[in-house]
Amino acid sequence: MDKLIDEFIDYLSIEKNYSYYTCVNYKDDLIKYKEFLNSEGIKLKAADYSVIRGFIAYLYNKKESTKTITRNISSLRSFYKYLVRNNHIKENPMLLISNPKQDKTLPHYLTYEEVETLLKVTNTDDLYNIRDNLIIELLYSTGIRVGELVNIKVKDINMFDESIKVFGKGSKERIVYFGKPCKEKIKKYLNIRNSNNEYLLIN
C-alpha cells in the first residue's frame with residue numbers, strides 16, 4: 001500500500017499540480033488509513049463500504065474534529081478514484097460515503113456595554129467619527145448585515161416613519177426600522193457629509 005500511496009501523491013504533485021502542503025495532508029490521511037487497515041488485518045483490496053465506515057467511526061472515537069474527518073474522507077475519495085482509474089481495484093467503496101454535517105457554532109456578538117463603549121469613542125464632531133458612530137448605531141439598532149448597510153441609498157431612508165429599505169441576499173427587499181437616537185445621527189451625518197452621492201455612507 002505504501003507504493004500506491006507514493007504513486008498517488010506523485011500524481012497529485014506532478015499531474016494535478018497540488019501544493020506541497022496539500023500533498024503532505026493527503027499522505028498523512030492515507031497513512032492513518034493504512035495503519036487502521038493493518039490494525040484490523042484488512043488488505044486494501046478487501047476494504048469495502050463497511051470498512052470505510054469503521055474507519056470513520058474510529059476517527060470519531062479519537063475525538064477528531066468534523067473538519068478533520070471531512071478532510072480524511074476527501075483524501076480517501078480522491079485516492080480510491082485514482083485506484084479505480086488505474087485498475088488497481090475494480091469497485092470504489094467511497095461511492096456511498098457522504099461527508100459529516102459540519103459543526104454549527106454560535107455567532108459572536110457584542111455586549112450592550114461594548115456597543116456603548118464604541119458609540120462613546122466615536123461620539124465626536126469629526127466627520128469620520130460621526131460616520132462611524134452612525135454605522136455602529138445602524139448595525140446595532142436595525143440588525144442589518146454589513147453588505148446591506150453599505151448599499152443603503154439616501155432615497156431608501158424614510159425619516160417620517162423611521163424606516164430603511166434594504167436589499168439582502170439575492171436582491172431581496174425588506175424594511176427595517178430605527179429609533180430616535182439613530183434618526184438624529186442620520187440627520188447629523190447628512191448635514192455635514194457635503195456630497196451628492198446617492199449612497200448614504202461614503203468613503
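The values are calculated or read from the model by the stated rules, or taken from the named source; none is laboratory data. It should be emphasised that the depicted structure is a prediction, and the values quoted were computed from it without experimental measurement. Cβ atoms come from the backbone with ideal geometry, glycine included; neighbour counts cover every protein chain shown. Note: accessible area is taken over every heavy atom of the protein model, side chains too, but ligands, DNA and RNA are not part of it. Shrake-Rupley method; radii C 1.70, N 1.55, O 1.52, S 1.80 Å.
A few comments on the model shown:
- Region 1-55, subset open to solvent by 70 Å² or more (accessible area, probe 1.4 Å) and of a type in the set (Phe, Trp, Tyr), residue nearest to Leu96 (Cα to Cα): Tyr49
- Some residue of region 7-27 being β-branched (Val, Ile, Thr), under 19 Å from Glu91 (Cβ atoms) and under 25 Å from the mean Cα position of the chain (by Cα): no
- Any pair with Cβ under 8 angstrom, 6 or more apart, that starts in region 173-189 at a residue that is of a type in the set (Gly, Ala, Ser) and ends at one that is part of a helix (DSSP H, G or I) and surrounded by 12 or more Cβ atoms within 10 Å (Cβ to Cβ): Gly179/Ser141
- Counted as qualifying within region 16-107 are the helices (runs of 4 or more DSSP H) with 3 or more residues that are within 15 Å of Ile5 (Cβ to Cβ) and touching a residue at least 40 places away in the same chain (Cβ under 8 Å), namely 20-40, 66-85.
- Residues in region 160-194 that are in a loop (DSSP other than H, G, I, E, B), more than 22 Å from Glu116 (Cβ to Cβ) and open to solvent by less than 60 Å² (accessible area, probe 1.4 Å): Gly168, Arg193.
- Cβ-Cβ contacts under 8 Å between residues 6 or more apart (or on different chains), taken from a first residue in region 116-135 that is free of Cβ contacts under 8 Å to residues at least 24 places away in the same chain to a second residue that is of a type in the set (A, V, I, L, M), are listed as Leu118/Leu110; Leu118/Ile136; Leu119/Ile136; Thr122/Ile130; Thr122/Ile136; Thr124/Ile130.
- For region 127-150, taking the residues that are polar (S, T, N, Q) and within 21 Å of Asn194 (Cβ to Cβ), the one that is surrounded by the most Cβ atoms within 10 Å (Cβ to Cβ) is identified as Asn133.
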